[in-house]
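Chemist: Would you mind keeping the following structure in view while I ask a few things?
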Amino acid sequence: MKIGIVWLPNVWKSTLFNALTKNYSADAQNFPFCTIEPNVWIVNVNDERLEKIRVAVNGQLIIPANCEFIDIAWIVKWASAGEWLGNKFLANIREANAILQVVRIFENDDIIHVHWKVDPKSDIEVINAELILADIETVTKRIWSDARKARNDKDIAFAVDVYNRVLEWLNSWVLTINMWLKPEELHALKDLHLLTNKEFVYACNVSEDMMDTSEDELKKILWLEKSNSRVVPICAKLESDMIEMTAEEKTEFLTEMWLKSTWLDDLIKTSYEALGLMYYFTAWEKEVRAWTIHKWDTAPKAAWVIHSDFEKWFIKADVVNWKDLVEFGGWSKAREQWKVSLQWKDYVVADGDIMLFKFNN
């Protein structure tokens, strides 16, 4: 999973990235355009189930799921036209699976807003407009390059027809992700890597006294009540403060705030959900590991993420829910209690499944 972090200057985006990566790799200063080159980091997905599973199977090592965050430099008005290296920044977003828009809601006279006032709705309109303008340029170029080829190729002619309809919607300021497109039409757009055809997650950087704000309330503030995009509250300052805490200090701090996990953990999990992803586990004495798959993937597809040949050689899989494995203390006792089931190629993997694959090569 690859997520691009993007928004306007001085929303504490780089501070958020530092907290995400548990590292001071991103430069965080109180002036616009501090970030020039994108920072990239692999971030583990914290899950308390992993340690419980490790204890149950007496595992030596834990390997969590992970995702790649790209701290993309600031986007401003006219970025699509190259303003402040905007074209270069937008190119970095194209390779991401989803876009995390960091929206500033907190008020602080000491932190300069690029537009001199905190207006999250207006900020979202600015960034979306730049993404749309960049996509208009991409689609227009493809129409011109494929127009002649379409005369003798039905597939290209179909694609050009899709491009023209998408271009019409883009010119009406409609994001591609919000367009009504059939699967075959979406496939025609795939190699364009349109910026507006990605899932959006909004991280609202709030003050400490707004941390309990509900998602519905935040959507009202952002004017996103009708959107299916996920909105998550986060306080970059508090997350930054926790970087230097020990594990015990962090646990105590979260307990005082009546929380089981950090807001960043929630943000990562929300990003997984937005992309329709989940993970299952493999567990034995050597290691306990989480593997990322799409929701509704079958057992052979789940085996594929371990090794591509495993899907071809797949025969069956032993499957147990993680709670049962933990409760009964390992595979053998879970089997004795009839908690381990034998599943075949049509089995749809559930979140939290622990799987042991059997192959024929």
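Chemist: Any idea which of 326, 320 is among the β-branched types (Val, Ile, Thr) and free of Cβ contacts under 8 Å to residues at least 40 places away in the same chain?
Modeler: 320
Chemist: Can I ask one more? Condition check: modelled with pLDDT of 90 or more, out of contact with any Leu (no Cβ under 9 Å at 6 or more places or on another chain) and in the same structural domain as residue 177 (by TED's automatic domain parsing). Does residue 135 satisfy that?
Modeler: Here the answer is no, as residue 135 does not meet what is asked.
Chemist: OK, next. Does residue 214 fit the bill of being in the same structural domain as residue 237 (by TED's automatic domain parsing), in contact with a Cys (Cβ under 9 Å, 6 or more places away or on another chain) and of a type in the set (Gly, Ala, Ser)?
Modeler: No.
Chemist: Could you pull out every one of the strands (runs of 3 or more DSSP E) wholly within segment 273-361 that has 2 or more residues that are crowded, with 20+ Cβ neighbours inside 10 Å?
Modeler: Qualifying strands (runs of 3 or more DSSP E): 277-283, 288-294, 314-321, 353-359.
Chemist: For segment 141-157, give me each residue that is surrounded by 15 or more Cβ atoms within 10 Å (Cβ to Cβ) and out of contact with any Lys or Arg (no Cβ under 8 Å at 6 or more places or on another chain).
Modeler: 142, 143, 146, 150 - these are the residues of segment 141-157 that are surrounded by 15 or more Cβ atoms within 10 Å (Cβ to Cβ) and out of contact with any Lys or Arg (no Cβ under 8 Å at 6 or more places or on another chain).
Chemist: Within segment 70-82, is there a residue that is more than 20 Å from residue 105 (Cα to Cα), at pLDDT 75 or above and crowded, with 16+ Cβ neighbours inside 10 Å?
Modeler: yes
Chemist: Here are 232, 288: which of them is in contact with a helix residue (DSSP H, G or I) (Cβ under 8 Å, 6 or more places away or on another chain), assigned by TED's automatic domain parsing to the domain that holds residue 206 and of a type in the set (Val, Ile, Thr)?
Modeler: 232
Chemist: So in segment 179-206, with the set limited to residues that are exposed (fewer than 15 other Cβ atoms within 10 Å of the Cβ) and either polar (S, T, N, Q) or closer than 20 Å to residue 132 by Cβ (or both), which one is farthest from the chain's Cα centre (by Cα)?
Modeler: 180
Chemist: Also: What residue, among those in segment 257-272 that are of a type outside the set (S, T, N, Q) and in a helix (DSSP H, G or I), is modelled with the highest pLDDT?
Modeler: Among them, the one singled out is 272.
Chemist: Is it true that some residue in segment 213-226 is aliphatic (A, V, I, L, M) and over 23 Å from residue 97 (Cα atoms)?
Modeler: Yes: one or more hits.
Chemist: Tell me yes or no: at least one residue of segment 235-256 is in contact with a strand residue (DSSP E or B) (Cβ under 8 Å, 6 or more places away or on another chain) and part of a helix (DSSP H, G or I).
Modeler: Yes, some residue in segment 235-256 is in contact with a strand residue (DSSP E or B) (Cβ under 8 Å, 6 or more places away or on another chain) and part of a helix (DSSP H, G or I).
Chemist: For segment 163-178, check the following and say yes or no: at least one residue is surrounded by 13 or more Cβ atoms within 10 Å (Cβ to Cβ), part of a helix (DSSP H, G or I) and of a type in the set (Asp, Glu).
Modeler: no
The values are calculated or read from the model by the stated rules, or taken from the named source; none is laboratory data. This structure is a prediction, so every number in the text was calculated from the model and none was measured. Glycine gets a Cβ as well: all are built from the backbone with ideal geometry, and neighbour counts include every protein chain shown.
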